[in-house]
There are 2 protein chains.
Amino acid sequence: MFSKSCQYAIRAVIYLTAHGREGQNTGVKEIAEALQVPQQFLAKILQELVRHHLLSSVKGPNGGFFLSEKNLKMSLLEVVECIDGKAVLTSCVLGLPQCSGVNPCPLHHQFVTCREGMREMLVNKKITEISADLLPQVSRF
Amino acid sequence: MFSKSCQYAIRAVIYLTAHGREGQNTGVKEIAEALQVPQQFLAKILQELVRHHLLSSVKGPNGGFFLSEKNLKMSLLEVVECIDGKAVLTSCVLGLPQCSGVNPCPLHHQFVTCREGMREMLVNKKITEISADLLPQVSRF
DNA sequence: GAAGTTCATGTTTTCAAAATCCTGTCAGTA
DNA sequence: TACTGACAGGATTTTGAAAACATGAACTTC
């Protein structure tokens, strides 16, 4: 469904909502170790999010990443579309470029229904919200 | 969502339901040209389907692929699981190996709902059925 | 039974995603 | 101002899916 980069991005954001301490930045190293993903690769992904203003960062000692007030209002959909592109949620299941509502493939209509559910989920999952969901959990994301 | 191989597989099966002539075999060449996909690569995929008894074939001149009575009763889910493996419809959205109903990731429950819709669609899409859906269409699949 | 056609299959090549390497830039501290 | 820690980003390598190549096996027809 989503690329590995995208999965890492979502997990990193979730990690920040859960473990990001108020007014304190979190380094890539810490995030990468917690998520057990390659640090340098994760850094690239986080930089991409920063470039798209979905995440904030500060350089230098005690620097790191954090979610600003504005960032927290974002939905997961924005993260997904930033990394995997808008096409993930619009392109044809069968990979047909000409497939659309007016010229649908045999699976089009039913698949659109499924996918809209997915989009709904991603739009409604505000980053703030996730934090609350996570409270009873111990596992690492 | 699905791999390219899987998309080709589904499209090939759809092509056969629509263009496969009764008691006559259809060669890879014809299918590949119609779908505009690499012939040798498609051949591999079709062979995989044959090995799993989801498609039938005969060798030699006038040989080719066809859907037997038994094949026509299969659902698209079987095609998908044959090519992409069962995991496509069960693995965690975030790629977490330990994610499950009892130890869910923050997106687990909502994603499962979406995915069940998808599974339903694939189970209900019997191969026979697709043929009927296609009648009013001209486009190539 | 020889020739030609078509599926079957093992091996190699290509290409993009994933991962790593290396250097640059910025900020804080002494 | 020099040093250090951390993000930024270009370039390169690795990996695995996708595609191409080459050969073998089965079947038809003449």
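The values are calculated or read from the model by the stated rules, or taken from the named source; none is laboratory data. For clarity, every value in this text was computed on a predicted model and none was experimentally measured. Note: ideal-geometry Cβ built from the backbone for every residue, glycine included; neighbour counts use all protein chains shown. The accessibility values were calculated without ligands, DNA or RNA, using every heavy atom of the protein model including side chains. Shrake-Rupley method; radii C 1.70, N 1.55, O 1.52, S 1.80 Å.
Could you say which residue among A:Thr90, A:Thr113, A:Thr128 is touching a residue at least 60 places away in the same chain (Cβ under 8 Å), polar (S, T, N, Q) and on the phi < 0 side of the Ramachandran plot?
Details: A:Thr90 fails: touching a residue at least 60 places away in the same chain (Cβ under 8 Å); A:Thr113 fails: touching a residue at least 60 places away in the same chain (Cβ under 8 Å).
Criteria check complete, one pass: A:Thr128.
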Worksheet item: Quick check: anything in segment B:38-49 open to solvent by 20 Å² or more (accessible area, probe 1.4 Å) and within 14 Å of another protein chain (Cβ to nearest Cβ)?
Response: yes
Item to complete: Only residues in segment B:1-15 that are within 18 Å of B:Ser91 (Cα to Cα) count as the first member; pair them with residues that are basic (Lys, Arg) and more than 15 Å from DNA strand C (Cβ to nearest atom), Cβ under 9 angstrom, at least 6 apart or cross-chain, and list the lot.
Response: B:Met1/A:Arg115
Worksheet item: Tally time: how many residues in segment A:52-71 are within 12 Å of DNA strand D (Cβ to nearest atom) and open to solvent by 90 Å² or more (accessible area, probe 1.4 Å)?
Response: 5
Worksheet entry | Exclusive hit being within 13 Å of DNA strand D (Cβ to nearest atom), within 14 Å of B:Glu78 (Cα to Cα) and among the aromatic types (Phe, Trp, Tyr), set B:Phe2, B:Phe41 | B:Phe2
Worksheet item: What is the one condition in (1) modelled with pLDDT of 90 or more; (2) in a helix (DSSP H, G or I); (3) open to solvent by less than 40 Å² (accessible area, probe 1.4 Å); (4) within 11 Å of chain A (Cβ to nearest Cβ) that B:Glu120 does not satisfy?
Response: (3)
Worksheet item: All but one of (1) more than 12 Å from chain A (Cβ to nearest Cβ); (2) within 13 Å of DNA strand C (Cβ to nearest atom); (3) not polar (S, T, N, Q) hold for B:Leu67; which doesn't?
Response: (2)
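Looking at A:Arg11, A:Arg21, which is the one that is basic (Lys, Arg) and either near DNA strand D (Cβ under 10 Å from one of its atoms) or surrounded by 20 or more Cβ atoms within 10 Å (Cβ to Cβ) (or both)? Lay out the reasoning, then the answer.
Working: A:Arg21 fails: either near DNA strand D (Cβ under 10 Å from one of its atoms) or surrounded by 20 or more Cβ atoms within 10 Å (Cβ to Cβ) (or both).
Going through A:Arg11, A:Arg21 in turn, just one is basic (Lys, Arg) and either near DNA strand D (Cβ under 10 Å from one of its atoms) or surrounded by 20 or more Cβ atoms within 10 Å (Cβ to Cβ) (or both): A:Arg11.
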Practice prompt. Of the numbered conditions (1) closer than 30 Å to A:Ile10 by Cα; (2) at pLDDT 95 or above, B:Cys105 fails exactly one; give the number of that condition.
Written response: (2)
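Can you go through A:Leu77, A:Leu89, A:Leu96 and tell me which one is surrounded by 12 or more Cβ atoms within 10 Å (Cβ to Cβ), within 14 Å of chain B (Cβ to nearest Cβ), under 24 Å from B:Met118 (Cβ atoms) and touching a Cys at 6+ places or on another chain (Cβ under 7 Å)?
Values: A:Leu77 fails: touching a Cys at 6+ places or on another chain (Cβ under 7 Å); A:Leu89 fails: touching a Cys at 6+ places or on another chain (Cβ under 7 Å).
Every option except A:Leu96 fails the conditions.
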Item to complete: Name the one entry in A:Asn71, A:Asn62, A:Asn25 that is farther than 15 Å from A:Ile130 by Cα and in contact (Cβ under 8 Å) with a residue 40 or more places away in the chain.
Response: A:Asn25
Discussion item. Which numbered condition in (1) in contact (Cβ under 8 Å) with a residue 40 or more places away in the chain; (2) over 20 Å from B:Glu129 (Cβ atoms) is the only one that B:Gln47 fails?
Written reply: (1)
